[in-house]
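A quick write-up on the structure given underneath.
The values are calculated or read from the model by the stated rules, or taken from the named source; none is laboratory data. Nothing here was measured: the structure is a model prediction, and the numbers come from that model. Here Cβ is always computed from backbone atoms with ideal geometry, including for glycine, and neighbour counts include all displayed protein chains.
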Amino acid sequence: MTDPTRNEEVPETGHDDEVQSEFEMTPDLMRDLGHRTVELLVKRLHGLPEESAWDGDFRKSLEAVLLEEPPEEGSAPDEVIERVAQEVLPYAIRLDHPRCFSFVPSAPTWPGILADFIASGYNFNVCTWLVASGPSQLELVVIDWFRRWVGYPDGAGGLLTSGGSAAALNAFVAAREAAGNPERPTVYMSDQSHSAQIRSARIVGVRPECIRTVPIDGTLRLDMDALARAVADDRAAGFCPMVVCANAGATGNGAIDPLVEMADFCESEGIWLHTDASYGGFAMLTAEGRKLLEGIERSDSIALDGHKWLFQPYEVGGLLVKDLRTLENTFSVQHDALQDTIWGENHPNFSDRGLQLSRGFRALKIWMSIQTFGVAAFRRAVSRSMELAARAGEQVRESSILELLAPVSLGIVCFRINPADTPIDEEDLHEVNRTVLARMLWEDRAMMSSTVVENRFSLRLCIINHNTTWNDVSETLRFIEQTGREQLAR
Ligand SMILES: *Cc1c(COP(=O)(O)O)cnc(C)c1O
């Protein structure tokens, strides 16, 4: 292949207006590279079940291959693609693998993947209406879909973000403004809450010792009495309770806080309620999910993650606020160089709703996937995850060597190897379970991760991939039982 970066006609020193960009490629070459790229992706996706769910390497080995001076001269573009395919792309967890049950899997739809390609090809910047009215309108549409799914009223709104962390941060800034930027703010969350809430609290200036961890009850839900006591004590001591965080699906175990009681409490106390539905929010597509997350629509803000249970490629999350003004009052700042972007009636500038000015066109992937498959397909996929998890939970309960450690919730199963008929001390149990987890990584195609449930080491299956079958789940459980038996016999 010819090297397009070595363009013979370009003069050495170019003050000439006729100078052609050195980055230009011919249409044929562009197509050829595009086809190669598509081929790479389609082959990978269709070959996934035959691969293992995880691959990785040590820095030393990767550095030996990759660390170099930035090359002064270019290489043939097909060789660049080939090189990255060999040397970089394989060394990562395959979050979209049907037997990847660790952390939070993410299995994007093909239209979603193509949408990201289109969005970068057009290079939209969804900062303001003037700069991107079509894309801004589509983001309004997608946000409106989210609004309906969570059950928010008209007048609610929000924006798409890089993920749940950015959504939480924007929410905390809005909450601080709504509380009048208090001097001694405190925030409240259960010990099951995601680190993103703690980080957001720190960023908005809450002192680390003012981030209150509220105890949980026997079902891993925030304890309301403990919350009420903590708030009362803080008020008495001159603190200003600013945000209460609710889990609508804790990442570790899917636990759902008592959303209705928390909404009642926060309304009567005048405290901002932020619900972190980054993990579980799209369960709202299903009847079962709506029942489980009842009350979510009463929170002041809700974080969602499209790159989790809505099957989108990274990065897309969303923040919704019940009263859109709380977000716009917080983030809209006049800027002289952007004065032309105040254009037309009722044209929102998304840069006035959050921390980013330049913003990618994240709405496109969600919109294209939903247009292509319809909401019903997403609803079925989310339901099926919950069914598979429930079935896995039953199998764990029936097993003589497995023990369920938490109620199965929103696609997550927490359990461990712990034979019912043989008492084993905690330290040995810990060792056996860790070993089985490690053996799965090296000997099996599947991957799962672990967590801690009430001070006990727990294996954790997170089943939210639309490609995962019952066979994938049951084979994985079988592997755990079998290697568990082997380890126990040692
Ligand atoms: C994933 C997750 C987050 C963080 O979201 P990012 O998209 O990774 O920024 C926050 N909370 C919960 C419950 C999550 O599952």
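Quick notes
- Residues that are in a loop (DSSP other than H, G, I, E, B) and at negative phi, drawn from segment 214-229: P215, D217, G218, T219, R221, D223
- Among (1) closer than 28 Å to N170 by Cα; (2) among the polar types (S, T, N, Q); (3) at pLDDT below 95, the one test that T422 misses: (1)
- Scanning segment 282-337 for residues that are within 19 Å of Y152 (Cα to Cα), part of a helix (DSSP H, G or I) and within 11 Å of the ligand (Cβ to nearest atom) gives a single hit, G306.
- Test result for T186, away from the ligand (no atom under 16 Å from the Cβ), at pLDDT below 95, farther than 18 Å from S332 by Cβ and not basic (K, R): no
- Complete set of residues in segment 259-281 that are part of a loop (DSSP other than H, G, I, E, B), more than 10 Å from the ligand (Cβ to nearest atom) and either touching a strand residue (DSSP E or B) at 6+ places or on another chain (Cβ under 7 Å) or at pLDDT below 95 (or both): I271
- Criterion violated by S301 - all others in (1) of a type in the set (G, A, S); (2) touching a helix residue (DSSP H, G or I) at 6+ places or on another chain (Cβ under 6 Å); (3) free of Cβ contacts under 8 Å to residues at least 60 places away in the same chain satisfied: (3)
- All of (1) farther than 28 Å from V408 by Cα; (2) free of Cβ contacts under 8 Å to residues at least 24 places away in the same chain; (3) within 16 Å of the ligand (Cβ to nearest atom); (4) of a type outside the set (V, I, T) hold for A201 with one exception: (2).
- Among the residues of segment 49-66, the one identified as part of a loop (DSSP other than H, G, I, E, B) and either among the polar types (S, T, N, Q) or more than 30 Å from D472 (Cα to Cα) (or both) is S52.
- Enumeration of residues in segment 191-209 that are among the small types (G, A, S) and either part of a loop (DSSP other than H, G, I, E, B) or in contact with a helix residue (DSSP H, G or I) (Cβ under 7 Å, 6 or more places away or on another chain) (or both): S193, A196, S200, A201, G205
- Considering Y188, Y152, the condition of being outside any helix (DSSP H, G or I) and farther than 26 Å from I211 by Cβ is satisfied by Y152 alone.
- Residue pairs meeting the criteria (Cβ under 9 Å; at least 6 apart or on separate chains; first farther than 11 Å from L320 by Cβ and touching a residue at least 12 places away in the same chain (Cβ under 8 Å), in segment 153-166; second near the ligand (Cβ under 7 Å from one of its atoms) and of a type in the set (S, T, N, Q)): G163/S278; G164/S278; S165/S278
- Here the condition is being farther than 25 Å from M386 by Cα and under 27 Å from the mean Cα position of the chain (by Cα); of V104, V80, V65, V84, it holds for V84 alone.
- Checking each residue in segment 242-254 for being part of a loop (DSSP other than H, G, I, E, B) and either more than 10 Å from the ligand (Cβ to nearest atom) or within 12 Å of S301 (Cα to Cα) (or both) picks out only N253.
- For the residues V131, V84, V142, V80, the requirement of being farther than 28 Å from R460 by Cβ, aliphatic (A, V, I, L, M), more than 16 Å from the ligand (Cβ to nearest atom) and not in a helix (DSSP H, G or I) singles out V131.
- Options S399, S458; residue that is within 24 Å of the chain's Cα centre (by Cα), surrounded by 16 or more Cβ atoms within 10 Å (Cβ to Cβ) and polar (S, T, N, Q): S458
- Filter result for V436 (buried (at least 20 other Cβ atoms within 10 Å of the Cβ), in contact with a Leu (Cβ under 9 Å, 6 or more places away or on another chain) and over 29 Å from L48 (Cβ atoms)): no
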